[in-house]
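Okay, so here's the structure we're looking at.
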Amino acid sequence: MQYLNVKKENEVIQITINREDKLNAMSLEVMNEFISVLDELEKDSSKVIIITGAGQKAFSAGADIEYMSKIGPTEAEKYALRGHEVLNKIEKLEKPVIAAINGYALGGGCELALSCDIRFASSNAQLGQPEVTLGICPGWGGTQRLLRIVGPARAKDLIFSGRRINAEEAMSMGLVNKVFSSENLISETKLYAKNVAKNSNFAVGISKMLVNRGMDTSLDTGLKLEIYSWAQCFATKEREERMSSFLHKK
Ligand code: HXC
């Protein structure tokens, strides 16, 4: 891999976008590497994934403006589709994905973070959807996922103005879950990931699916899906073992 560093520590995988000189802007090559890595992670024994950016300055400054400056509608559609493929894979992966936002998360960088399940940010992080300043609208799910996370009024404010918000404001609107100092962001994220990894990955995975599906379905359908999924947990050996060890105070 040229643009992604993938490191495994026990059951936690850290993917680092490795294009520091361009503030981890996501070229087509970066997105293609994401597809390969995510295809592997779908099958392997890892339990939690962390995504971050190389260096101290950026998680990702978004899609590659140099590339976008040279393309027309046909290539633009392909670029959008590739991004959607990556972000949908992250969202549908049956394991939690945490964005460790270590600086700028702008445009496609913010959209990448939005496709993750949890967002932790460093105190110097800046998030935003500045696409309209470049004559484009968000194209990797920003209009849809931002809307679902912060609501329509805040999503429209961020998208129409293209303004950048700091970690504190992002937390106040529920866009990030927690803020850490730059020095502690990765260690705190790993600690959190390790704690999640101790839990049943079947139960965590199914919970992720239920929350995600719940956002786009009626309450009635979501509740029925929960009953069905809950019952499925009782078909697993792990559930039996975990309950038994609780009762035997192991
Ligand atoms: C390509 C980028 C880039 C990007 C930064 N760089 N962002 N290259 N695409 N998105 C490059 C710069 O050209 C420069 O390269 C180097 O990274 C360092 O950036 P500087 O601008 O010199 O750094 P600084 O002055 O500190 O400013 C940081 C910044 C600024 C505020 C983050 O770089 C910036 O505004 N970047 C663009 C952010 C943005 O608009 N993102 C949305 C893109 S649209 P050189 O070679 O000169 O050193 C998008 C659409 C998604 O994401 C949907 C797609 C379908």
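What three numbers, in Å, describe the spread of the alpha carbons of segment 32-108 along their principal axes, ordered from the longest?
So the three principal-axis extents are 41, 29, 16 Å.
Out of residues 5 or more away from ALA25 or on other chains, whose amide H comes under 5 Å of its own, with H placed 1.01 Å from N in the peptide plane?
It is ALA61, by chain and number.
May I ask you to give the percent of accessible area on segment 29-104 that is carbon plus sulfur, with a probe radius of 1.4 Å? Working shown, then result.
On the way: 1740 of 3390 Å².
Exposed carbon and sulfur together represent 51 percent of the surface.
With all protein chains present and a 1.4 Å probe, how do SER245, SER36, SER45 order by accessible area, largest first?
Details: SER245 35, SER36 55, SER45 80 Å².
Order by accessible area, largest first: SER45, SER36, SER245.
Quick one: helix 152-161 against the long Cα principal axis of the chain, what's the angle to the nearest 10°, folded into 0 to 90?
Taking Cα atoms only, the helix is inclined about 30 degrees.
With every protein chain kept in place and ligands, DNA and RNA left out, what is the accessible area per residue of segment 123-198? Probe 1.4 Å, answer in Å². Working shown, then result.
Numbers: 3970 Å² over 76 residues.
Result: 52 Å² per residue.
Multiply the residue separation of ILE35 and THR236 by 0.36 nm, subtract the distance between their alpha-carbon atoms, and state the gained length in nm to one decimal.
Details: separation 201, 0.36 × 201 = 72.36 nm, distance 2.99 nm.
Additional length available on full extension: 69.4 nm.
Between SER45 and LYS178, with labels modelled 7 Å along Cα→Cβ, what's the label distance in nm to one decimal, could you check?
Placing both labels 7 Å beyond Cα along the Cβ direction yields 2.7 nm.
Among rounded, prolate and oblate, which fits segment 179-250 when a ≥ b ≥ c are the square roots of the eigenvalues of its C-alpha gyration tensor, a/c under 1.5 means rounded, and a/b larger than b/c means prolate? Mind dumping the intermediate values first?
Working: a/c = 3.61, a/b = 1.21, b/c = 2.99.
Verdict is oblate for segment 179-250.
Please list CYS137, CYS233 from largest to smallest accessible area, probe radius 1.4 Å, with all protein chains kept in place.
Values: CYS137 90, CYS233 25 Å².
Ranked list, largest accessible area first: CYS137, CYS233.
Report the calculated FRET efficiency for SER161 and LYS78 (r = Cβ-Cβ distance, R0 = 30 Å), to the nearest 0.05. Write down the numbers at each step before the final one.
Values: r = 29 Å, r/R0 = 0.96.
Approximately 0.55, to the nearest 0.05.
Test of understanding: what is the full-extension gain from ASN5 to LEU134, defined as 0.36 nm times their sequence separation minus their Cα-Cα distance? The partial results should precede the final answer.
Details: separation 129, 0.36 × 129 = 46.44 nm, distance 2.95 nm.
Contour length minus Cα-Cα distance gives 43.5 nm.
With the radius of gyration and the Kirkwood radius both derived from the Cα set of the chain, what is their ratio Rg to Rh?
Values: Rg = 18.6 Å, Rh = 18.9 Å.
Taking Rg over the Kirkwood Rh, I get 0.99.
The values are calculated or read from the model by the stated rules, or taken from the named source; none is laboratory data. As the structure is a prediction and not an experimental result, all values here were calculated from the model. Because the Cβ atoms are built from the backbone with ideal geometry, glycine has one as well, and the counts that use them run over all protein chains shown. The accessibility values were calculated without ligands, DNA or RNA, using every heavy atom of the protein model including side chains. Shrake-Rupley method; radii C 1.70, N 1.55, O 1.52, S 1.80 Å.
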